[in-house]
Structure formats: structure tokens, C-alpha cells
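Just below is one structure, and these are the notes that go with it.
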Amino acid sequence: MGCSKETTKQNNVTPTEYLESFGWHIEEKTSERTQDANKPVDLGAMYTGLDLKPYKEVHITTYLLKEKQKTGKKIYADIYQVNEDIIGGYGHLEEWEPGVFSLKEKERLIKEGIINK
């Protein structure tokens, strides 16, 4: 699902503002981690075209979104930051394989009946 580039560095933008710019809304933060940008391979970033090669280390925060799948299952978003600047992100659907989508694809997911409006 979705392979459009999400690597758009945004300075002075909060994760809430970033997600809302795509029409998504945060319910709560679920996890945070720091990872070497090139090991191990981040499949979600790879599927959505997020280029981590220019960076040594990235901070990844996962958020549970208020939006839900038609089945009632959850939707999450991973936001990637370097030195507090957002460099991109992607969404993933609970219990879908691979379940990864570009944050820009909310309308498509609604039209296809995957998520609620």
C-alpha cells in the first residue's frame, strides 16, 4: 500500500501538527525508540519510500490514532525525527500485512472501505 515519498523535513512542527496536516488525529503516544538509520532495515520506511540514508540515527515515535478501521481495529502512525525535526512518517493498520500506508492516503483508505471517515 502506498509508495509515495514521505521524506519531507519539517522544522518547528509538532507530531500533532504534522499528522493533522494529512487529516489524522492522535489519541495517544504508544512508544518511542531510537534506531540506527540504516540497520536493521526498517520495512515500514522502505514500503513508503522514507529515505533514512542521509541520517545516522533516527528517533521514532508511534502514535495510536483516533481514526479506526471499519473492522474496529486500530490505526497507528510512526513519526521519524532527527534533532527534533520531523523527516517523515507512515501509518500502519493493526492485523494487516504489510498494513503500511502513506500518511497522504487517508481519502483512498476511506474510499476503499478500509477505514471509517
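The values are calculated or read from the model by the stated rules, or taken from the named source; none is laboratory data. None of these values were measured; they are calculated from a predicted model. Reconstructed Cβ throughout: ideal geometry from the backbone, glycine too, with neighbour counts over all protein chains shown. With ligands, DNA and RNA removed, areas are computed over all heavy atoms of the protein, side chains included. Shrake-Rupley method; radii C 1.70, N 1.55, O 1.52, S 1.80 Å.
Observations
- Counting all C-alpha pairs of the chain, share separated by more than 26 Å (%): 12
- Whole-percent carbon and sulfur share, accessible surface of the chain, 1.4 Å: 49
- Average accessible surface area per residue within the chain, 1.4 Å rolling probe, Å²: 56
- In percent, rounded to a whole number, the relative contact order of the chain is 32, using alpha-carbon pairs under 8 Å and six or more apart.
- Pairs of lysines in segment 39-117 whose Cα atoms sit within less than 21 Å of one another amount to 25, provided the residues are eight or more positions apart or on different chains.
- Seen from residue 68, the other residues with C-beta closer than 13 Å to its C-beta sum to a net charge of +2, counting Lys and Arg as +1 and Asp and Glu as -1.
- Take each peptide in 76-83, 27-34, count the other Cβ atoms within 10 Å of every residue, and average; sorted highest first, the result is 76-83, 27-34.
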